[in-house]
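Undergrad: One structure, as structure tokens, below. Some questions next.
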């Protein structure tokens with residue numbers, strides 16, 4: 001059993017990623033140093049300027065969030081190391097997020113199960129084409145304006161409750177995931193929990209770069225679930241505040 005499946009029945013508190021808090025002084029140092037590095041990167045330009053600018057952007061994000069996302073991105077947890085060994089990957093990253101949506105779980109399940117709906121609220125998804133009832137082709141925006149693609153296979157389908165999928169061999173990014181739909185306490189709708197495990201391109205450093213460029217799934221899934229909530233509850237998707245997101249064709 002993979003880590004994705006094994007973690008599915010853990011309580012919600014066990015499924016939330018926590019990044020370490022940083023002190024107030026360290027926060028302001030990160031903001032100041034990050035701003036200086038971004039400025040230098042814009043002045044220097046070229047590959048060196050880009051690298052310095054990415055580091056600066058990461059420090060600014062760290063200070064603004066009052067937490068340490070880059071340390072989280074660079075540090076593999078025990079479960080991530082076990083997942084990488086089990087799958088034969090060079091490294092693995094596991095991301096889990098949850099949101100409560102004031103709609104029946106059967107309705108949310110049906111909408112998500114039609115994968116062609118996902119690009120409507122997932123910012124980085126350019127398109128999904130269904131090959132048949134179990135297979136689909138995904139095209140996803142990547143850091144630097146590129147695109148990565150893979151074919152996904154449905155590995156788990158429990159009507160109204162859970163959907164699981166995994167990338168097929170030969171894709172640009174190896175990944176797997178599941179989304180769980182549970183009745184929320186007190187008749188407040190549905191708790192939607194999603195977990196993704198993937199092999200970061202260029203390893204942990206590649207994940208840190210993606211983090212700085214707002215492309216890393218830890219950041220993205222949080223925004224996507226909020227957009228899903230808005231779409232299901234109001235019929236509208238908030239306009240992206242992240243200009244780095246490539247437009248969909």
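Undergrad: Can you confirm whether the stretch 75-86 contains a residue that is modelled with pLDDT of 80 or more, in a loop (DSSP other than H, G, I, E, B) and either touching a helix residue (DSSP H, G or I) at 6+ places or on another chain (Cβ under 9 Å) or within 20 Å of residue 166 (Cβ to Cβ) (or both)?
TA: No, that holds for no residue.
Undergrad: Determine whether the stretch 175-182 contains at least one residue that is modelled with pLDDT under 90 and touching a strand residue (DSSP E or B) at 6+ places or on another chain (Cβ under 7 Å).
TA: Filtering the stretch 175-182 for residues modelled with pLDDT under 90 gives 175.
Imposing the further condition that a residue be touching a strand residue (DSSP E or B) at 6+ places or on another chain (Cβ under 7 Å) reduces the set to 175.
Within the stretch 175-182, one or more residues are modelled with pLDDT under 90 and touching a strand residue (DSSP E or B) at 6+ places or on another chain (Cβ under 7 Å).
Conditions tested, residue by residue: (1) crowded, with 16+ Cβ neighbours inside 10 Å; (2) part of a helix (DSSP H, G or I); (3) modelled with pLDDT under 95.
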residue	(1), (2), (3)
106	no, yes, no
144	no, yes, yes
165	yes, no, no
170	no, no, yes
195	yes, no, yes
207	yes, yes, yes
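The values are calculated or read from the model by the stated rules, or taken from the named source; none is laboratory data. Everything numeric here is computed off the predicted structure, so don't read it as measured data. Don't worry about glycine lacking a Cβ; one is built from the backbone with ideal geometry, like all the others, and counts go over all protein chains shown.
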